[in-house]
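**Q** Take this structure, written in structure tokens, and hold onto it; I'll ask about it next.
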Amino acid sequence: MNKIAIMGAMEEEIQPLLKHFSKVNTIEYANNKFYEVSYEGLDVVIAYSKIGKVFASLTASTLIEKFSCDTLLFSGVAGAINPKLKIGDLILATKLCQYDLDITDFGHPYGFVPGGKVFTPCDKKLLSLAKEVAKENKLEVSEGIIATGDQFVSSNEKKQFIQKTFNADALEMEGASVATVCDNLDVPFLILRSISDTANESGTFDFDEFLHSSAKTSADFMISILKKLKNLKA
Ligand code: ADE
């Protein structure tokens with residue numbers, strides 16, 4: 001672990017991370033900004049990709065290939081599918097899938113294309129480290145399946161499809177694409193989300209109301225994870 005990438009999808013998701021750093025070196029590349037910082041000697045690059053799987057794949061690939069990041073952490077918000085998840089709750093992805101990847105007409109399962117996998121698991125060591133950090137900070141953090149697609153979901157019907165097909169607990173618009181990039185480039189990764197809405201008919205309203213607070217909840221926990229990684233390296 002030499003250089004850590006921390007990604008969000010939206011500016012609102014990385015602002016509460018950047019607030020922790022007074023010295024930031026900004027690099028512009030691929031029509032985006034990458035913020036190089038040092039967390040007590042640990043090299044970190046922070047960026048937000050813009051929303052959706054394509055931009056997230058581009059940013060994850062750039063962080064790995066151009067900035068030589070060898071660990072990738074994602075912090076942001078998600079819509080809840082599992083009714084146990086309430087707004088503001090934290091969830092760590094155990095594995096991720098693309099719910100909108102569909103060549104079922106050719107006899108393949110939802111979320112699958114030849115050469116790929118339906119579910120991409122997060123790094124086990126990072127997951128257990130994150131759970132340890134949660135325990136130390138007396139924070140409640142769930143684990144579960146996160147489903148990703150290029151659509152803001154605000155319908156119970158769509159939610160039910162994703163729940164039934166993938167047994168997913170939460171949904172968002174970037175995680176599985178980041179997971180696929182990291183998995184294929186052999187970079188350990190962790191996807192952390194805090195619930196901003198319940199992906200139903202009041203989804204857009206709740207998202208607007210809770211984006212900032214939930215993004216901060218996720219970012220604050222991510223900083224604790226960073227601290228632990230730094231202590232392990234020291
Ligand atoms: N991210 C947060 N809430 C979401 C939703 N309802 N749909 C897609 N992405 C989200």
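The values are calculated or read from the model by the stated rules, or taken from the named source; none is laboratory data. Just so we're clear, the structure is a prediction, and the values are computed from it rather than from any experiment. Reconstructed Cβ throughout: ideal geometry from the backbone, glycine too, with neighbour counts over all protein chains shown. Quick note on the areas: whole protein, heavy atoms, side chains included, nothing else; ligands and nucleic acids left out. Shrake-Rupley method; radii C 1.70, N 1.55, O 1.52, S 1.80 Å.
**Q** Could you count how many residues in the range 33-72 are closer than 21 Å to residue 92 by Cα and of a type in the set (S, T, N, Q)?
**A** Qualifying residue count for the region: 4.
**Q** Let me ask you something else. Output the residues belonging to the range 184-234 that are in contact (Cβ under 8 Å) with a residue 60 or more places away in the chain, outside any helix (DSSP H, G or I) and away from the ligand (no atom under 15 Å from the Cβ).
**A** 185, 187, 188, 189, 190, 234
**Q** Among (1) in contact with a Cys (Cβ under 8 Å, 6 or more places away or on another chain); (2) open to solvent by 40 Å² or more (accessible area, probe 1.4 Å); (3) under 18 Å from residue 85 (Cβ atoms), there is one condition residue 160 misses while meeting the rest; what is its number?
**A** Status for residue 160: all satisfied but (1).
**Q** Look through 118, 113 and report the one residue that is closer than 22 Å to residue 185 by Cβ, away from the ligand (no atom under 16 Å from the Cβ) and open to solvent by 40 Å² or more (accessible area, probe 1.4 Å).
**A** Residue meeting the stated conditions: 113.
**Q** Going residue by residue through the range 131-138, is there one that turns out to be exposed (fewer than 12 other Cβ atoms within 10 Å of the Cβ) and at positive phi?
**A** Yes, there is a match, as at least one residue in the range 131-138 is exposed (fewer than 12 other Cβ atoms within 10 Å of the Cβ) and at positive phi.
**Q** Of the residues that make up the range 153-164, is at least one among the polar types (S, T, N, Q) and within 12 Å of the chain's Cα centre (by Cα)?
**A** No.
**Q** Please go through the range 139-157 and give me each residue that is open to solvent by 70 Å² or more (accessible area, probe 1.4 Å), away from the ligand (no atom under 16 Å from the Cβ) and either closer than 22 Å to residue 205 by Cα or aliphatic (A, V, I, L, M) (or both), ordered by number.
**A** The one that is open to solvent by 70 Å² or more (accessible area, probe 1.4 Å), away from the ligand (no atom under 16 Å from the Cβ) and either closer than 22 Å to residue 205 by Cα or aliphatic (A, V, I, L, M) (or both): 139.
**Q** For the range 70-101, name all the residues that are in contact with a Gly (Cβ under 6 Å, 6 or more places away or on another chain), within 12 Å of the ligand (Cβ to nearest atom) and among the aliphatic types (A, V, I, L, M).
**A** Within the range 70-101, just 91 meets the criteria.
**Q** Considering the range 17-64 alone, what residues qualify as being among the charged types (D, E, K, R) and either part of a strand (DSSP E or B) or at pLDDT below 95 (or both)?
**A** Across the range 17-64, the qualifying residues are 28, 33, 36, 40, 43.
**Q** For the range 160-175: of the residues being within 11 Å of residue 99 (Cα to Cα) and polar (S, T, N, Q), which is farthest from the ligand (Cβ to nearest atom)?
**A** 167
**Q** Here's something else I'd like to know. If I ask for residues that are open to solvent by 20 Å² or more (accessible area, probe 1.4 Å) and touching a helix residue (DSSP H, G or I) at 6+ places or on another chain (Cβ under 7 Å), which ones from the range 11-26 would you list?
**A** Within the range 11-26, 12, 20, 24 qualify.
A quick yes/no check of all residues on (1) assigned to a helix (DSSP H, G or I); (2) over 24 Å from residue 196 (Cα atoms); (3) touching a residue at least 24 places away in the same chain (Cβ under 8 Å):
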site	(1), (2), (3)
86	no, no, yes
97	no, no, yes
105	yes, yes, no
113	no, yes, no
125	yes, yes, yes
131	yes, no, yes
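**Q** Return only the number of the condition from (1) out of contact with any Asp or Glu (no Cβ under 9 Å at 6 or more places or on another chain); (2) open to solvent by less than 40 Å² (accessible area, probe 1.4 Å); (3) within 11 Å of the ligand (Cβ to nearest atom) that residue 181 does not satisfy.
**A** The single condition residue 181 does not satisfy is (3).
**Q** Somewhere in the range 73-84, is a residue surrounded by 20 or more Cβ atoms within 10 Å (Cβ to Cβ) and of a type in the set (Val, Ile, Thr)?
**A** yes
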